[in-house]
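Have a look at the structure that comes next, please.
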Amino acid sequence: MQAQLDVGGVIRRVLDIYVDQAPVLMPAAAVVFVFTGIIAELLVAASASLALVALLVDLVATTLFTGMIVELVADVRDGRRDASVGRLLRAVSPVLGQLVLVGLVAGVAVLIGFVLFIVPGLVLLTIWAVFAPVVVLERPPGLRALGRSRELVKGNAWRVFAVIFVLIIVVVVLSDAVDVAAASAGTGAAIVARVVVGILTAPLSALAAAVLYFDLRELHAGAAGAPDRSGPFQAGGYPPASP
């Protein structure tokens, strides 16, 4: 029988890495989301009909950033704390095109699912939760990362959804707080607010995807009776930082 994902453990590790690696996460998020956030906000401000294009810009930015963060979490779980923004960018560059392709396909499918009946969107959001780490670390061809993500999530779908749901609540609270602060300050402040929200919240979803990927892969390897070849990582936690 496959072991069950530790929802609380995943969330704690996400928050621990968020705090511990903030000096790397925030500049990395700024590199990605300052530019794309401004573009998305300007598109929305220019015309409501461009909102979908703005959403696609956000999807691409989020997918690329998640791919970058996989390398950071891999370092943390191996006891290293020496990641840099440049290193994260270099790690994702070989799979940049595939990340964009798979991210757009997944994003559009999830969006359609939400528009139609909501529930299909939530289902797709859950079963494809770890496709970005799959693309970066396993590099399956085409869209097979989506199938691999579904395979990893299988048996723990409700627990993966619980992690996503809790972090969505955290993101909504942070976003609302920033929006309220900028509500009466005009378009310029709205653009700044969008960028700030992106920088503050993007690491949470990216870290969740990476931590979930490593935990789920370890659980599946254990269920199959095969050792995980990914290094000295256990689903229960990460080793301490090297002196």
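Matching residues to (1) over 14 Å from the mean Cα position of the chain (by Cα); (2) touching a residue at least 60 places away in the same chain (Cβ under 8 Å):
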{"position": "Leu124", "(1), (2)": "yes, no"}
{"position": "Ile127", "(1), (2)": "no, no"}
{"position": "Ala132", "(1), (2)": "no, yes"}
{"position": "Leu143", "(1), (2)": "yes, no"}
{"position": "Gly147", "(1), (2)": "yes, no"}
{"position": "Lys154", "(1), (2)": "yes, no"}
{"position": "Arg159", "(1), (2)": "yes, yes"}
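On the given criteria, is Leu89 within 21 Å of Ala28 (Cα to Cα), touching a helix residue (DSSP H, G or I) at 6+ places or on another chain (Cβ under 7 Å) and surrounded by fewer than 19 Cβ atoms within 10 Å (Cβ to Cβ)?
yes
Report, ordered by the first and then the second residue, all pairs with beta carbons closer than 7 Å, sequence separation of six or more or different chains, a first member in region 1-29 that is among the basic types (Lys, Arg), and a second member that is assigned to a loop (DSSP other than H, G, I, E, B).
Pairs found: Arg13/Tyr238.
Could I ask something else about it? Going by what's in this entry, would Phe114 be described as of a type in the set (Phe, Trp, Tyr), more than 15 Å from the chain's Cα centre (by Cα) and assigned to a helix (DSSP H, G or I)?
So Phe114 fits the description; yes.
OK, next. So, in region 89-121, exactly how many residues are at pLDDT below 90 and touching a Phe, Trp or Tyr at 6+ places or on another chain (Cβ under 7 Å)?
Residues meeting the conditions: 2.
Per-residue answers, yes or no, for (1) under 14 Å from the mean Cα position of the chain (by Cα); (2) part of a helix (DSSP H, G or I); (3) touching a residue at least 40 places away in the same chain (Cβ under 8 Å):
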{"site": "Val32", "(1), (2), (3)": "yes, yes, yes"}
{"site": "Leu52", "(1), (2), (3)": "no, yes, no"}
{"site": "Val57", "(1), (2), (3)": "no, yes, no"}
{"site": "Leu64", "(1), (2), (3)": "yes, yes, no"}
{"site": "Met68", "(1), (2), (3)": "yes, yes, yes"}
{"site": "Gly86", "(1), (2), (3)": "no, yes, no"}
{"site": "Ala91", "(1), (2), (3)": "no, yes, yes"}
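Looking for something in a loop (DSSP other than H, G, I, E, B) and not β-branched (Val, Ile, Thr) - is there at least one such residue anywhere in region 146-153?
no
Evaluate region 59-72: report whether one residue or more is crowded, with 19+ Cβ neighbours inside 10 Å and more than 21 Å from Thr201 (Cα to Cα).
No, region 59-72 has no match at all.
So is Gly79 part of a loop (DSSP other than H, G, I, E, B), at positive phi, surrounded by fewer than 20 Cβ atoms within 10 Å (Cβ to Cβ) and at pLDDT below 85 or not?
Spelling it out, Gly79 is indeed part of a loop (DSSP other than H, G, I, E, B), at positive phi, surrounded by fewer than 20 Cβ atoms within 10 Å (Cβ to Cβ) and at pLDDT below 85.
Is it the case that region 155-177 has a residue that's modelled with pLDDT of 85 or more and not in a helix (DSSP H, G or I)?
Looking through region 155-177, at least one residue is modelled with pLDDT of 85 or more and not in a helix (DSSP H, G or I).
The values are calculated or read from the model by the stated rules, or taken from the named source; none is laboratory data. It should be emphasised that the depicted structure is a prediction, and the values quoted were computed from it without experimental measurement. As a convention, Cβ positions derive from the backbone with ideal geometry for all residues, glycine included, and neighbour counts pool all protein chains shown.
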